[in-house]
Amino acid sequence: TPATTPSAAQPPGVGASAGAPRPRVMVLDDEPSIRAFLRKALMSAGMEVLPYADGAAAWDGIRSIGGFDVMLIDHRMAEMSGTEFYAAAVKLRPELARRAVFMRGDVLNPELRAFAAQRGIRLLAKPFDIADVVRIVQEVLATDESAADK
């Protein structure tokens, strides 16, 4: 399908040149099938994907790896909520504040919607398809690039 091929999934200027580094996407979700799905979808779109099963592992990733171009964060996890993880991540790395996308089965949740709206965070409804995931990640990348150009 066109949405899963790197050339169709990449907008002009995002990872377009062969020597350009691939965007690095953190995937934080406690469901193995969702991590696998997102890893495959985003890798097919030419991105580097680092999947994490829990907040502690993702926290270690932020501390050791440093930067991510986009963070896909499940809102509800067993050990730590997505909003708790986001707050800790942004405290350590403020540049990640506008690079987050929350994934949630109930994106109509008023608390989550308010939290996301106050911080300019996108919401991704589960279940999702490849085209939606890639589009939203690319929107975050494009927003980040346009802010850097100003």
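The values are calculated or read from the model by the stated rules, or taken from the named source; none is laboratory data. Worth saying up front: this structure is predicted, and the values here are computed from it rather than measured. Here Cβ is always computed from backbone atoms with ideal geometry, including for glycine, and neighbour counts include all displayed protein chains. These area figures cover heavy atoms from the full protein model, side chains too; ligands, DNA and RNA do not enter into them. Shrake-Rupley method; radii C 1.70, N 1.55, O 1.52, S 1.80 Å.
Here are the numbers:
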read-out: Unit Cα scatterers, Debye sum, region 50-110: log10 I(q)/I(0) for q = 0.21, 0.23 Å⁻¹; value: -0.79, -0.95
read-out: Nitroxide proxy distance, nm - points 7 Å out along Cα→Cβ at GLU31 and MET43; value: 2.0 nm
read-out: Total charge dipole magnitude, region 15-150, about the Cα centre, Cβ charges on Lys, Arg, Asp, Glu only, Debye to nearest 20; value: 220 debye
read-out: In region 62-134, the GluC sites (Glu not before Pro) that fall in loop regions by DSSP, at most 15 other Cβ within 10 Å; value: GLU79
read-out: Accessible-area order (highest first, 1.4 angstrom probe) of the listed residues MET77, MET71, MET43; value: MET43, MET77, MET71
read-out: In nm, spacing of pseudo-spin labels at ASP60 and ARG22 (7 Å Cα→C-beta vector); value: 2.3 nm
read-out: Theoretical gain in end-to-end length, ALA125 to ASP106 [0.36 nm per residue, Cα-Cα removed]; value: 6.1 nm
read-out: Kirkwood hydrodynamic radius of region 39-150, Cα pairs, Å; value: 14.4 Å
